[in-house]
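Structure first, then comments.
The values are calculated or read from the model by the stated rules, or taken from the named source; none is laboratory data. Everything quoted here is computed from the prediction, not taken from an experiment. Here the Cβ positions follow ideal geometry from the backbone for every residue, glycine too, while neighbour counts run over all protein chains shown. To get the accessible areas, we keep the full protein, side chains included, count just its heavy atoms, and leave off ligands, DNA and RNA. Shrake-Rupley method; radii C 1.70, N 1.55, O 1.52, S 1.80 Å.
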Amino acid sequence: MRRIRTSVARTIDLFTITIGTTLLVACSPGDQAAGANGSTHTYDTTIQWTSYGIPHVNADDWGSLGFGYAYATAKDGICVIAKDLITVRGEKSQFFPDEADALVSDVFHKAIITADKVAAAIAVQSEDTVAFNRGYADGYNRYLKDNSDADVTCRGAAWLRPIDEDDVTRMQTGVGIRYGLARFAKEISGAVPPGELEKAAAYHTTDFDMPRGIGSNAIALGKDATHNGRGILFGNPHYPWHGPSRFHMIHTTIPGELDVMGVSLLNTNRVAIGFNKDIAWTHTVSTATRFTLYRLAINPENPMQYLFDGVYQDITPVEVEVDLGGSTHKQNIYLTHLGPMVTSEQLPWNRQVAFALRDAVIDNYQTAKTYSMINKATSIAELEEALHQQGVYWTNTIAADKDGNAYYADISGTPNLNAAQLEDCQIPNPALPRGIIMLDGTRSRCEWEEDERSKVPGALPAEEMPRITTASYVTNSNDSYWLSNPDQPLEGYSPIIGSERTARSLRTRAGLVYLDEIDQTETKYTSQIIQDLLYSHRNYGAELLLEEILAAICGSQKTNQDACAALEKWDRTMTVDSKGGHLWREFWEEARNIEDLYATPFDVEDPVNTPRGITTTDTVKQALATALNNAADKITEAGLALDARLGDIQYAARNGNNIPVPGGEGWAGMFSMIVSDLNGEKGYAPIIHGNSYIQVVSWDDEGKVVPTGILTYSQSPEPSSPHYADQTELYAQGEWLDLPFYPDQITADPNLVTLRLTE
């Protein structure tokens with residue numbers, strides 16, 4: 001695989017920065033500028049942009065760092081950030097009234113992210129965090145002032161407005177509850193007591209499935225596995241290619257205190273995945289539960305009361321007001337001590353039962369402290385100390401350090417419920433999918449336990465959550481903690497965190513099999529080996545099963561022979577040049593659900609290699625043939641060839657240019673994950689989510705960090721930006737960036753642009 005070194009010449013269009021009182025000069029960030037009256041400035045920060053639009057923000061204090069952080073991030077994503085701020089403020093109905101979810105979103109966010117909630121979060125933050133957030137708000141506002149005529153998609157929009165510290169906290173809170181409470185925004189905003197159903201906008205069906213757009217792979221290698229005894233970290237989050245959850249590369253420095261590089265989301269303001277000179281870390285979405293439903297017993301004489309430990313408690317209505325841009329909408333949401341009421345077809349509120357929801361993140365104010373400590377950590381031990389602050393909301397953490405330690409932990413926001421409580425209190429409900437927990441809301445026995453070791457009310461203490469430090473390796477691809485290393489399985493934890501001794505996904509198994517293949521050659525790992533592991537874009541599902549499937553069904557005249565020929569010729573990869581992989585994807589989406597499909601079922605004693613093999617009963621063979629015929633018909637009806645080149649039909653459209661995108665669905669057997677729906681003759685576009693910020697971080701023999709990476713969709717979502725497609729083109733070509741971390745690497749960049757900001 002080719003690698004692009006930013007310290008060598010490459011033609012890049014320099015970008016223009018509109019100048020207010022900014023100074024486009026090369027200067028030391030330590031030089032303090034004087035104001036007109038001789039006083040020093042409140043903020044003094046220097047931003048250096050290297051090739052591909054990567055900002056390096058340098059300041060002497062936290063306020064100035066926040067100022068520069070916001071300015072650098074807004075330059076690439078001002079429209080995305082501004083719209084997310086409108087969302088968490090509950091103002092979509094005012095500015096985006098045509099969006100279907102506008103009113104629901106506004107009622108929900110105004111009800112949940114209240115002024116009191118914001119004040120409570122701010123009150124417990126450190127002085128550094130308060131200064132950073134204040135600086136972030138002022139830096140954002142400064143960008144608006146300096147760039148009012150910038151060529152962006154939201155230019156001149158009424159919702160491009162200044163913000164304050166409260167808005168910064170609202171945005172962070174909104175991110176935290178996105179995969180908990182926010183999944184039930186319709187149910188919370190639409191909850192109505194019996195007899196008032198006609199007042200609800202809709203009595204809808206709840207979608208309990210996890211939202212699309214999140215997932216990840218990660219591998220950490222320890223000293224026994226690597227060529228030089230140093231750690232290697234592979235991070236491969238599968239996050240959205242559009243919207244506020246896009247990653248943005250950034251490097252932040254306070255000399256002598258902080259020096260960390262990686263990515264944040266466009267709507268967050270700490271390096272969330274990245275590295276410093278001593279450690280590298282990444283996250284994968286974990287299987288732990290973030291919320292529980294509670295079934296309430298309603299007072300038949302008063303639907304505004306529920307029974308709890310033999311006594312009726314009041315349900316509290318809270319009025320919410322939403323500005324509709326000319327009129328005001330008022331409605332109630334309803335609260336219990338167990339959380340807000342939720343209402344839907346599966347979760348009715350009548351004179352017998354009702355339902356409330358408790359979220360593990362809404363009262364968690366530990367994120368800034370946690371990530372500040374992670375960013376500064378010098379070892380795996382210090383990283384774990386940071387995780388014990390419990391500010392990681394809903395992810396596993398996988399890390400490596402320069403001393404050769406590999407680390408996995410699921411220390412994330414999780415209800416403190418043990419196995420005995422779950423057995424006693426959980427209420428079976430066939431309307432709920434696996435993973436959604438409903439508890440008895442009539443007994444205090446079923447409330448989340450309070451533990452003095454936990455820094456978050458009702459959350460499982462860090463000490464009770466799984467982790468492992470090893471000199472070998474750990475990995476995670478969104479299955480539970482159990483098989484992070486098959487030689488050292490993690491067992492005995494609360495089932496609220498995830499399952500043990502159960503089948504793993506094809507994506508998890510793919511990563512483990514690929515690592516084992518390398519182990520069998522007795523080869524010590526290098527960064528290049530890990531890079532190649534991803535960029536081979538192998539389809540493990542096809543490698544495991546396709547030959548048997550073809551042999552079982554392609555001799556029959558009832559099977560589409562053109563489809564058989566296309567799959568036979570397919571190279572079992574999803575590189576941009578492979579042909580036929582999309583047919584496997586459409587086939588396997590149906591075939592994977594065939595009953596009694598596998599000849600060898602899951603075996604807990606061989607979890608990496610089972611289930612496997614295809615059952616050759618007439619019933620299974622007929623179902624397989626039907627699935628293949630249906631897949632061929634679907635592709636043909638879309639106007640695509642069964643043996644089309646992937647790069648011609650799966651792509652990112654950028655300013656009239658279709659950039660080929662390799663990768664495929666994890667459930668279809670891909671480790672290199674890209675999610676895109678078949679969109680008629682357009683093919684598989686646009687890309688929804690998948691490989692996003694990919695980093696492979698190692699250390700040389702002397703202990704100097706050697707980071708490589710790529711941001712698959714590039715730095716900016718703005719079509720006018722020179723960094724709208726540049727890294728996407730590199731990704732299509734199988735290239736990597738050597739990330740400039742040390743000062744001499746930054747200053748040697750041939751496309752360096754330096755901006756000093758003071759205020």
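Results for (1) of a type in the set (D, E, K, R); (2) in contact with a Gly (Cβ under 6 Å, 6 or more places away or on another chain); (3) without any contact (Cβ under 8 Å) to a residue 24 or more places away in the chain; (4) within 17 Å of residue 387 (Cα to Cα), shown as yes or no for each residue.
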position: 256; (1), (2), (3), (4): no, no, yes, no
position: 261; (1), (2), (3), (4): no, yes, no, no
position: 265; (1), (2), (3), (4): no, no, no, no
position: 268; (1), (2), (3), (4): no, no, no, no
position: 274; (1), (2), (3), (4): no, yes, no, yes
position: 277; (1), (2), (3), (4): yes, no, no, no
position: 284; (1), (2), (3), (4): no, no, no, yes
position: 289; (1), (2), (3), (4): no, no, no, no
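Against the test of being in contact (Cβ under 8 Å) with a residue 60 or more places away in the chain and buried (at least 21 other Cβ atoms within 10 Å of the Cβ), the options 417, 422, 432 yield a single qualifying residue, 417.
Report those helices (runs of 4 or more DSSP H) wholly inside segment 79-183 carrying at least 2 residues which are open to solvent by 50 Å² or more (accessible area, probe 1.4 Å) and under 17 Å from residue 267 (Cβ atoms).
Result: 165-176.
I'm checking my understanding of the structure. Among residues of segment 736-754 that are touching a Phe, Trp or Tyr at 6+ places or on another chain (Cβ under 9 Å), open to solvent by less than 30 Å² (accessible area, probe 1.4 Å) and outside any strand (DSSP E or B), which one is nearest to residue 647 (Cα to Cα)?
Let us first name the residues in segment 736-754 that are touching a Phe, Trp or Tyr at 6+ places or on another chain (Cβ under 9 Å), namely 736-737, 739, 741, 749, 751-754.
Those left that are additionally open to solvent by less than 30 Å² (accessible area, probe 1.4 Å): 736-737, 739, 741, 749, 751, 753-754.
Narrowing the set further to residues that are outside any strand (DSSP E or B) leaves 739, 741, 749, 751.
Details: 739: 27, 741: 33, 749: 31, 751: 30 Å.
So the residue we want is 739.
Any idea which of 490, 483 is touching a residue at least 12 places away in the same chain (Cβ under 8 Å), in contact with a helix residue (DSSP H, G or I) (Cβ under 6 Å, 6 or more places away or on another chain) and either open to solvent by 10 Å² or more (accessible area, probe 1.4 Å) or under 25 Å from residue 672 (Cβ atoms) (or both)?
Values: 483 fails: in contact with a helix residue (DSSP H, G or I) (Cβ under 6 Å, 6 or more places away or on another chain).
Unique residue meeting the criteria: 490.
Is it true that residue 442 is farther than 24 Å from residue 315 by Cα and touching a residue at least 60 places away in the same chain (Cβ under 8 Å)? Even if it seems obvious, please write down each step before you answer.
Details: farther than 24 Å from residue 315 by Cα: no; touching a residue at least 60 places away in the same chain (Cβ under 8 Å): yes.
When the stated conditions are applied, residue 442 does not pass them.
Among residues of segment 333-345 being buried (at least 19 other Cβ atoms within 10 Å of the Cβ) and not β-branched (Val, Ile, Thr), the one that is modelled with the lowest pLDDT is 344. Within segment 213-230, residues that are closer than 20 Å to residue 471 by Cα and assigned to a loop (DSSP other than H, G, I, E, B) have Cβ atoms under 6 Å from residues that are of a type outside the set (A, V, I, L, M) and open to solvent by less than 10 Å² (accessible area, probe 1.4 Å) in these pairs: 222/404; 223/404; 225/525; 229/404; 230/404; 230/699, counting only partners at least 6 apart in sequence or on another chain.
Answer yes if at least one residue in segment 250-259 is of a type outside the set (S, T, N, Q) and closer than 22 Å to residue 728 by Cα, and no otherwise. If you could, list the steps in order and put the result at the bottom.
Looking only at segment 250-259, we keep the residues that are of a type outside the set (S, T, N, Q), and these are 250-251, 254-259.
Filter once more, keeping what is closer than 22 Å to residue 728 by Cα: 250-251.
Yes; the residues of segment 250-259 include at least one that is of a type outside the set (S, T, N, Q) and closer than 22 Å to residue 728 by Cα.
Under the condition of being touching a helix residue (DSSP H, G or I) at 6+ places or on another chain (Cβ under 9 Å) and at negative phi, the residues counted in segment 672-706 number 13.
Being in contact with a helix residue (DSSP H, G or I) (Cβ under 6 Å, 6 or more places away or on another chain) and either under 15 Å from residue 292 (Cα atoms) or assigned to a loop (DSSP other than H, G, I, E, B) (or both) is the filter here, so list the residues in segment 393-424 that pass it. Within segment 393-424, 393, 405, 410, 411 meet the criteria.
Which of (1) within 25 Å of residue 347 (Cα to Cα); (2) among the aromatic types (Phe, Trp, Tyr); (3) modelled with pLDDT of 95 or more does residue 179 not meet, given it meets every other one? Here residue 179 clears every test but (3).
Looking only at residues of segment 362-379 that are among the β-branched types (Val, Ile, Thr) and assigned to a helix (DSSP H, G or I), we find that the one that is nearest to residue 114 (Cα to Cα) is 367.
Being in a strand (DSSP E or B) and open to solvent by less than 10 Å² (accessible area, probe 1.4 Å), is that true of even one residue in segment 637-653? Show your work before the answer.
Within segment 637-653, the subset in a strand (DSSP E or B) is 645, 650-653.
Next, only the ones that are open to solvent by less than 10 Å² (accessible area, probe 1.4 Å) stay: 650, 652.
Yes - at least one qualifying residue is present in segment 637-653.
Output the residues belonging to segment 691-717 that are open to solvent by less than 10 Å² (accessible area, probe 1.4 Å) and outside any strand (DSSP E or B). Answer for segment 691-717, where residues must be open to solvent by less than 10 Å² (accessible area, probe 1.4 Å) and outside any strand (DSSP E or B): 692, 712, 713, 714, 715, 716. Within segment 664-680, residues that are open to solvent by less than 10 Å² (accessible area, probe 1.4 Å) and at pLDDT 95 or above sit with their Cβ atoms under 7 Å from residues that are of a type in the set (Phe, Trp, Tyr) and in a helix (DSSP H, G or I), at 6+ positions apart or across chains, in these pairs: 668/584; 668/588; 669/540; 671/514; 671/540. A single member of 557, 528, 561 is open to solvent by 40 Å² or more (accessible area, probe 1.4 Å), at pLDDT 95 or above and more than 27 Å from residue 472 (Cβ to Cβ), and it is 561. Pairs linking a residue in segment 149-172 that is more than 11 Å from residue 79 (Cβ to Cβ) to a residue that is surrounded by 14 or more Cβ atoms within 10 Å (Cβ to Cβ) and of a type in the set (Asp, Glu), with Cβ atoms under 7 Å and 6 or more positions apart or on different chains, are 171/84.
The condition of being of a type in the set (D, E, K, R) and part of a loop (DSSP other than H, G, I, E, B) does not hold for residue 358.
Need at least 2 residues that are under 27 Å from the mean Cα position of the chain (by Cα) and among the basic types (Lys, Arg) per element, so show me which helices (runs of 4 or more DSSP H) inside segment 472-573 make the cut, counting only ones lying wholly within it. Don't jump to the end; show me each part of the working.
Details: elements: 506-520, 527-535, 540-553, 561-569.
The helices (runs of 4 or more DSSP H) meeting that bar are 506-520.
A count restricted to segment 215-245 and to residues that are open to solvent by 10 Å² or more (accessible area, probe 1.4 Å) and not polar (S, T, N, Q) stands at 11. Test residue 603 against the criterion of being more than 25 Å from the chain's Cα centre (by Cα), in contact (Cβ under 8 Å) with a residue 40 or more places away in the chain, open to solvent by 60 Å² or more (accessible area, probe 1.4 Å) and farther than 23 Å from residue 216 by Cβ, and give yes or no. So residue 603 does not fit the description; no. Taken together, the criteria place residue 375 among residues that are crowded, with 22+ Cβ neighbours inside 10 Å and more than 25 Å from residue 458 (Cα to Cα).
Step by step: first the residues of segment 308-332, then only those that are polar (S, T, N, Q) and out of contact with any Pro (no Cβ under 6 Å at 6 or more places or on another chain), then the one that is most open to solvent (accessible area, probe 1.4 Å). Which residue is that?
The residue in question is 328.
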